[in-house]
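A.B. asks: Once you've had a glance at the structure underneath, I'll fire off some questions.
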Amino acid sequence: MATTTQIDPMALLAGMAQQTEKKKGSKDAKPQLTEPAMDAAISQWLEADREVKKWEGIRTTAEAQILAFAAPARLAECRRLGRVESTVRINGKLNMTQKCQYCAVGMPQLPAIKAAFGPDADRYFKTRTKLELTEAAAEDQELLGKLIEALGPEKFAGSFAVKQFAEVTETFHTDFTLKSDVEAQARPFMDTEAIKPYKPALRQ
């Protein structure tokens, strides 16, 4: 009689999630088009592009200065009020909005983050797993039929692309905003972008 080996599905998924390949496409020489009548329009476009880039650089520098003041000042004001305010008005001229939006936390960084936050870690970070069929598996009629049955680990691993990451919770965002000790715990991970909030938005 055949024996059944117990497989830990989460351990299998975690191992599969580590396997990521990035393929680089080759760059072919571009075909050349020539029309002298286009020279004036091309010159205008290039000049306008230079001006746009110049003003984008000025705006980026000004934005960095504004956010360097407003981001910590918003935290201080929220703590003074005792509530989370996502939008603040700066000098009566600009709104800055910091929503509860964070990039996914990479699994290699998660153990250190969990160790730092201790018992609060499970409230602050939720592990999410995404599975999707590879292109070859999606075209394999035999495999599609077998998906309703239990698959062995080798077949499973060869059939699915797995992504795993930790999701920052709203509980973390609230506590980070209102509690200076949570901010202090999080700051080293934010400095290395292991925990990375979306950049605040400025609007008139």
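For every residue, the table says whether it meets (1) hydroxyl-bearing (S, T, Y); (2) open to solvent by 30 Å² or more (accessible area, probe 1.4 Å); (3) without any contact (Cβ under 8 Å) to a residue 24 or more places away in the chain; (4) touching a helix residue (DSSP H, G or I) at 6+ places or on another chain (Cβ under 7 Å).
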| residue | (1), (2), (3), (4) |
| --- | --- |
| K99 | no, yes, no, no |
| K163 | no, yes, no, yes |
| D181 | no, yes, yes, no |
| R187 | no, yes, yes, no |
| A201 | no, yes, no, no |
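A.B. asks: Tally up the residues in the range 189-199 that are polar (S, T, N, Q) and surrounded by 16 or more Cβ atoms within 10 Å (Cβ to Cβ), please.
C.D. replies: Pass one, the range 189-199, residues polar (S, T, N, Q): 192.
Applying the additional criterion that residues be surrounded by 16 or more Cβ atoms within 10 Å (Cβ to Cβ) yields none.
Matching residues across the range 189-199 total 0.
A.B. asks: With the requirement that a residue be hydrophobic (A, V, I, L, M, F, W, C) and outside any strand (DSSP E or B), what does the range 87-101 give you?
C.D. replies: C100
A.B. asks: Please enumerate the residues belonging to the range 114-135 that are part of a helix (DSSP H, G or I) and without any contact (Cβ under 8 Å) to a residue 40 or more places away in the chain.
C.D. replies: Those that are part of a helix (DSSP H, G or I) and without any contact (Cβ under 8 Å) to a residue 40 or more places away in the chain: K114, A115, G118, P119, A121, D122, E135.
A.B. asks: Spot the failing condition for E167; the list is (1) touching a residue at least 24 places away in the same chain (Cβ under 8 Å); (2) assigned to a helix (DSSP H, G or I); (3) within 24 Å of C78 (Cβ to Cβ); (4) open to solvent by 60 Å² or more (accessible area, probe 1.4 Å), and only one is missed.
C.D. replies: Tallying (1) touching a residue at least 24 places away in the same chain (Cβ under 8 Å); (2) assigned to a helix (DSSP H, G or I); (3) within 24 Å of C78 (Cβ to Cβ); (4) open to solvent by 60 Å² or more (accessible area, probe 1.4 Å), E167 fails exactly one: (2).
A.B. asks: A follow-up question, please. Report, by residue number, each residue of the range 110-127 that is open to solvent by 30 Å² or more (accessible area, probe 1.4 Å) and over 23 Å from S180 (Cβ atoms). It would help to see each step written out before you state the result.
C.D. replies: Taking the range 110-127 and keeping what is open to solvent by 30 Å² or more (accessible area, probe 1.4 Å), we get 111-112, 114-116, 118-120, 122-123, 126-127.
Once the filter is applied, which keeps residues that are open to solvent by 30 Å² or more (accessible area, probe 1.4 Å) and over 23 Å from S180 (Cβ atoms), the range 110-127 yields P111, K126, T127.
A.B. asks: Given the residues L143, L131, which is the only one that is over 30 Å from A70 (Cα atoms), among the aliphatic types (A, V, I, L, M) and buried (at least 16 other Cβ atoms within 10 Å of the Cβ)?
C.D. replies: That would be L143, the only listed residue that is over 30 Å from A70 (Cα atoms), among the aliphatic types (A, V, I, L, M) and buried (at least 16 other Cβ atoms within 10 Å of the Cβ).
The values are calculated or read from the model by the stated rules, or taken from the named source; none is laboratory data. The model shown is predicted, which means the values in this text are computed figures rather than measured ones. All Cβ positions, even for glycine, are placed from backbone atoms using ideal geometry, and neighbour counts span all protein chains on display. Note: areas computed on protein heavy atoms with side chains; ligands, DNA, RNA excluded. Shrake-Rupley method; radii C 1.70, N 1.55, O 1.52, S 1.80 Å.
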